[in-house]
1. Tally up the carbon and sulfur contribution to the accessible surface of the range A:191-247 as a whole percent, 1.4 Å probe, everything protein left in place.
2. Can you tell me the mean projection area, over all orientations, of the convex hull of the protein assembly as shown's alpha carbons? Units nm², please.
3. Regarding the range A:14-78, what are the three Cα extents along the principal axes, ordered largest first, in Å?
4. Once you order the gyration tensor axes a ≥ b ≥ c over the Cα atoms, which shape class does the range B:256-298 get: rounded for a/c under 1.5, otherwise prolate or oblate by comparing a/b with b/c?
5. Mind checking which lysines have their C-alpha under 24 Å from B:Lys46, skipping anything on the same chain fewer than 8 residues away?
6. With helices defined as uninterrupted DSSP H runs, which ones in chain B have an alpha carbon span along their own long axis of at least 24 Å and mean Kyte-Doolittle hydropathy of at least -0.5?
7. Once you charge only the Cβ atoms, +1 for Lys and Arg and -1 for Asp and Glu, what is the size of the charge dipole of chain A about its Cα centre, to the nearest 20 debye?
8. Taking each residue in A:63-76, count the Cβ atoms of any other chain within 10 Å of its Cβ, then average. What number comes out?
Amino acid sequence: MTLTDARIPAVPVRSARIDVAAITANARILVSRRGSGRVLADLAADGYGHGAAETAKAAIAGGIDRFSVSRVEDAMALDGLPTAEVIVTSGSRAPGSAVESGVAGPELYGLTDDPDLRPAMRVSALVVGVKTIEAGDGVSYGHTFRAVSRTNLALVGIGYADGLDRSASNVASLQVGGIQRRVAGRVAMNVLVVDLGSDTASIGDEAVVFGDPSRGEPGVLSWAASLETSAAEVATAFGLHLPRVFS
Amino acid sequence: MTGPGFPTGPDLPSGPVATVDLRAYRRNIDRIRTRVAPANLMAVVKADAYGHGLLPIARTAVSAGVGWIGALDLATALELRAGGIHADVAIFAWLLGPNDDFAPPIEAGIDLGVSTVEQLEAIAASGAPGIARVHLKIDTGLHRNGADAADWPALVGRALELEDRVDLVGVWTHISEASDAEDTVAIERFHEAIAVAQRLGAGFGVRHLAASAASFARADARFDVVRVGAFGYGISPGGGITPESLRLEPVLTLTAPVYAVRDGIARVAIGFGDGILGSAAGLMEVAINGTRHPIVDVEIDTLRVAIGTTTVSQGDTAVLFGSGSLGEPTLQEWGDRLGTIGEEIVTRLSPRIPRRHIHPGV
C-alpha cells in the first residue's frame, strides 16, 4: 500500500456493492415496455436488500413513481421523494390492497433471466488467510472436505451469518483470480475456505460470490441455481446483512 | 393465544418480532460456568450475538460475572467498548482484515488473535501508544487460519522480539470436532506448540481451544478459557443432542402477526426478506393459538400457512420458534428439518426485525 492509498477508505472484508445506475436502467426498460405510470416498484425487504431509499431514488430517475412496501414502517424510506403512489401490501394495519398488475420486483433489481436487465448487486469478500495442506488433511468443522493431494487453500471472510447459505458447503464456488473455486468444507458463521488446487492467492485478494456476468463474473442466477434457491432470496439475504457500498 | 411477554393485542406490530429472554440467557451462562469450572468462560457474541442483540447479551454476560467476551472483528470489539463493556473485561477479536487499522483496538485494550508474522508487523507499526494484547494461533488441524507447525517458531520468535509493542497474553487454536480421535490429536498438537513456544522463551497466561461442544464434553479441552457462543443461546449441536439434554434453554422466540385469512390460508407477516429460509416451505410449521400449521409457501414478506378449517383470525400471533411452550417448533427442529444448524436460522434473521429484550438486569 502506498502513502496515497491512506486516504482511500478501508476496504471492508465483505460487502454488497449496489450499482444504482443498473436499477435506473432497468426501471427505464420496464417503463418503456409497460408504459409510464403503469410500473409499481416493489421495495419489500429494504428493496430486496438493495436499500429501499436508494432503490426508490434510482427508480424515480428511471421514470417510476409508484411504489409498494410490505409494512407501514417501511414507507418511511420514501419520505421526501416525489412519488405518485405508495401501497402497503401487508401488515395488520394495512388495508390489504391486492396489487397484482405492473409490480416490478426481482426484475427491477436484475434478478431474473431477462437479458435486457442488469444485475444491481455484487457480493464479494477478501481473502484473509492462505494455507497449503497435504493429502488426507481435512478442512473446517467435521472435516467434510479432505484433500486428495497437496493443495492450496484461501480463507475468505464471509460466512452464513452474512447471508451466504450454509448449503454452499462443498457445493458452490467463488471466483478468485478469475477462476471459479469450490468451497472446501463447511461454510462457517463468518468464514469459508476455497480450494485453489495448485494455484495461489494472497491475503487481500478478492473472492467474488456473484457480480456482473458481462465482465466475466459469475451471475447471481448461477449462484442461486447452484444452491437450488431463488436469486431474489439470495440477494435479499446478503443485502440485509452485508455492509452496502453504493456506486 | 400467546403467553405473557410476547407481542399481542393492541401492541401487535405489523411485522415480525424477536423476543429475547435475558433471564434464560443468564441461566444458560450460569450453567455453562459451573460445567466448565475451573476454566473461565468467554461468552461469544459475534454476528450480533447470534442475532440476539449484541449489547444486551454482552451486558448480561458481564453482569453474570463473565470476564471474557468473544467479538469476532475489530468493529464489533470497539462497539462493545463504546457500549460500556469496560476495560476489566477482556474482549477478543480474531477475524483481522488486511486493511484493518490496529491503533483504535490497541488503545481500547482489545485482545487480538494473530496467525501471521505480517499481522504482528502491522500491529507493531500501528502507532498506538499502548502495548497490544496478543493471542497467537496455532493450526492444529481445522485448516482455516492459525500458523502451521512449520511457521510457528517464527511467529513466536517475532512476537518475543516485539516485546515493547506486543504483550503475549494467550495461545489458542480451534478444533474440527470431526471425531474424538481427531480432536485428541489436535489437543496433543496444541500441547506441543505450547512446549515449542516455551522453549523459545514465551509464556502464555491464557490457553484456549474449546468451543461449545468440546467445553461440555471434554475436560482435557478446556485449558484456561473456553469460547462458548451457541450453548449460551440454548443452541445445541443436533444429532440427537437437544438443549434439554444439556440442561440449556432456548433464548429467542420469533413471532409474526397473521394479517389476512382466506380460503384456508393464513398470511403471516414474515418471509425470506426477514431471513426465513425459503426451503422451509413444505417442511416447517408455525403455531397459531397453540396448534401447528404447515408453511406452504415462503414469499419475500409473507408466509402462507395452511390452516384447514381451524379458526384463525387476522391479528392472531404466529409463533415460528421458541421454547416450545406455545406449541411452536424449537430452533432444533428448524435446523434438523432444514438440514442445517440452529446458528444459521438465527443469524440469518434480518437486522431489521425488532429485538425485544425481556427480563433485563437479572
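The values are calculated or read from the model by the stated rules, or taken from the named source; none is laboratory data. Fair warning: this is a prediction, and the values are worked out from it, not measured in the lab. Using ideal geometry, Cβ is built from the backbone for each residue, glycine included, and neighbour counts are taken over all protein chains shown. In case anyone asks, the SASA skips ligands and DNA or RNA and just uses the protein heavy atoms, side chains included. Shrake-Rupley method; radii C 1.70, N 1.55, O 1.52, S 1.80 Å.
1. The value for the range A:191-247 is 47 percent carbon and sulfur by accessible area.
2. Computed as one quarter of the Cα hull surface, the answer is 27.2 nm².
3. In descending order, the Cα extents are 34, 29, 13 Å.
4. prolate
5. Partners within reach: B:Lys137.
6. Those that pass (Cα extent of 24 Å or more, hydropathy at least -0.5) are B:180-199.
7. 180 debye
8. Per-residue shielding by partner chains comes out at 2.
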